[in-house]
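These notes are about the structure you will find just below.
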Amino acid sequence: MRIEVIGGGALGLLFAAGAASAATPTVLYTRTGEQAAIIAREGIEVRSPGEAGTGRRIRRNLHARPIEAFGVSGAEGRPTDDGDRWIVLTVKQKDVDDVLIATLARGIRPGDRLLCLQNGIGHIERLAAALPQADVYAAITTEGARRLGPDVALHAGQGSTSFGLPQGGESSTPGRIGAEKKLTDTFAAAGLPLSASNDIQTAIYRKLLMNAVINPLTALWHVENGALLESADRLAAMKALFDETVAVYASAGVVVPPEWWDELLGVCRATSRNRSSMLEDVSHGRETEAKWIGGGIAALARRCGTAAPLNEMLLRLIEGIRPDKR
Ligand code: KPL
């Protein structure tokens with residue numbers, strides 16, 4: 001088996017270093033040739049958190065190439081004996097664009113398996129349609145990572161990742177179970193637990209609901225996740241957004257267990273000192289994932305003949321504070 005990771009952000013560095021540490025042939029594709037050259041020379045350093053730099057630092061050597069080289073076999077690109085190839089797509093949802101999909105389509109081989117680590121909804125369907133010869137897996141991860149440099153990632157929070165085919169296990173391709181096991185064994189050896197799921201859709205909708213409530217409110221109010229629990233007004237706004245999203249899910253046939261509200265509050269408590277990814281994006285003037293989170297819920301509502309006015313409004317407010325808004 002070989003693993004090819006696409007994306008040189010925090011998760012890309014973490015997963016590529018993890019695969020390489022398990023002695024699996026690994027290639028990392030990055031957006032820029034400069035980053036690929038640094039990693040090809042220096043490897044990737046993964047740091048664990050510790051007081052004033054006392055955390056562990058581990059450097060891993062692996063092949064790194066710019067994304068245009070994806071699918072072009074180099075010396076390290078030869079298939080291994082069993083020919084299995086997992087492509088781990090770690091770029092943000094907003095970067096799963098036509099150019100990236102065309103690059104993937106050029107390099108993909110029949111039987112390849114693509115593991116997609118994006119937030120939001122809509123991208124899996126686009127990828128599956130463009131890459132019919134591959135199995136396209138959705139993945140939900142709670143690993144916390146921050147990029148500290150082109151070749152350095154901080155593994156800030158130990159989490160886990162579940163993955164599965166959106167249509168469940170039915171559309172089995174030959175060797176699917178064995179390939180999934182090799183993938184989970186590889187990453188388990190690297191301290192990145194993965195588990196295969198036959199109901200990844202539920203995990204996707206659960207995560208989407210958490211992100212739809214926490215991310216835009218923390219980004220608009222400029223607060224850490226825990227601060228959402230600090231006043232009755234903030235809790236009321238969360239509940240209204242939660243209820244609207246649950247109603248959209250119901251019209252799409254997605255059943256939300258009542259405990260998801262308590263789980264949402266639990267996520268705020270467990271990540272109370274975190275700045276949500278949307279707050280980070282807004283603070284750095286970057287494009288956010290709002291289009292695929294609140295926008296994804298609004299689009300789902302339209303497809304089901306209903307509306308999601310709160311999600312729509314928050315999407316407009318978030319997009320309105322983007323300094324680079326075109
Ligand atoms: O996933 C997250 C994000 O920030 O995108 C949460 C769960 C809200 C943690 O910050």
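Some notes on this structure:
- Within the stretch 190-210, the set of residues being surrounded by fewer than 19 Cβ atoms within 10 Å (Cβ to Cβ) and hydrophobic (A, V, I, L, M, F, W, C) comprises ALA196, ALA203.
- Residue within the stretch 277-296 that is without any contact (Cβ under 8 Å) to a residue 60 or more places away in the chain, touching a Phe, Trp or Tyr at 6+ places or on another chain (Cβ under 8 Å), closer than 25 Å to THR142 by Cβ and within 14 Å of the ligand (Cβ to nearest atom) present: no
- Restricting ASP151, ASP199 to residues that are touching a residue at least 12 places away in the same chain (Cβ under 8 Å) and more than 27 Å from GLY43 (Cα to Cα) narrows the list to ASP199.
- Residue count, the stretch 141-152 (criterion: under 19 Å from LEU194 (Cα atoms) and not hydroxyl-bearing (Ser, Thr, Tyr)): 3
- ASP324 being surrounded by fewer than 17 Cβ atoms within 10 Å (Cβ to Cβ), away from the ligand (no atom under 16 Å from the Cβ) and at pLDDT below 90: yes
- Unmet criterion (only one of (1) within 16 Å of the ligand (Cβ to nearest atom); (2) of a type in the set (A, V, I, L, M); (3) within 23 Å of the chain's Cα centre (by Cα)) for LEU229: (3)
Quick grid of which residues meet (1) in contact with a Phe, Trp or Tyr (Cβ under 6 Å, 6 or more places away or on another chain); (2) under 27 Å from SER277 (Cα atoms); (3) free of Cβ contacts under 8 Å to residues at least 40 places away in the same chain; (4) surrounded by 21 or more Cβ atoms within 10 Å (Cβ to Cβ):
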residue: ASP98; (1), (2), (3), (4): no, yes, yes, no
residue: THR103; (1), (2), (3), (4): yes, yes, yes, no
residue: LEU114; (1), (2), (3), (4): no, yes, yes, yes
residue: ASN119; (1), (2), (3), (4): no, yes, no, yes
residue: ILE124; (1), (2), (3), (4): no, yes, no, yes
residue: TYR137; (1), (2), (3), (4): yes, yes, no, yes
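- Residues in the stretch 270-286 include at least one that is under 27 Å from VAL91 (Cα atoms), of a type in the set (D, E, K, R) and surrounded by fewer than 13 Cβ atoms within 10 Å (Cβ to Cβ).
- SER251 vs. criteria under 23 Å from ALA156 (Cβ atoms) and either touching a Leu at 6+ places or on another chain (Cβ under 9 Å) or among the hydroxyl-bearing types (Ser, Thr, Tyr) (or both): no
The values are calculated or read from the model by the stated rules, or taken from the named source; none is laboratory data. Note that the coordinates shown come from a computational prediction; the quantities given were computed from them, not determined experimentally. Backbone-built Cβ (ideal geometry, glycine too); neighbour counts: all protein chains shown.
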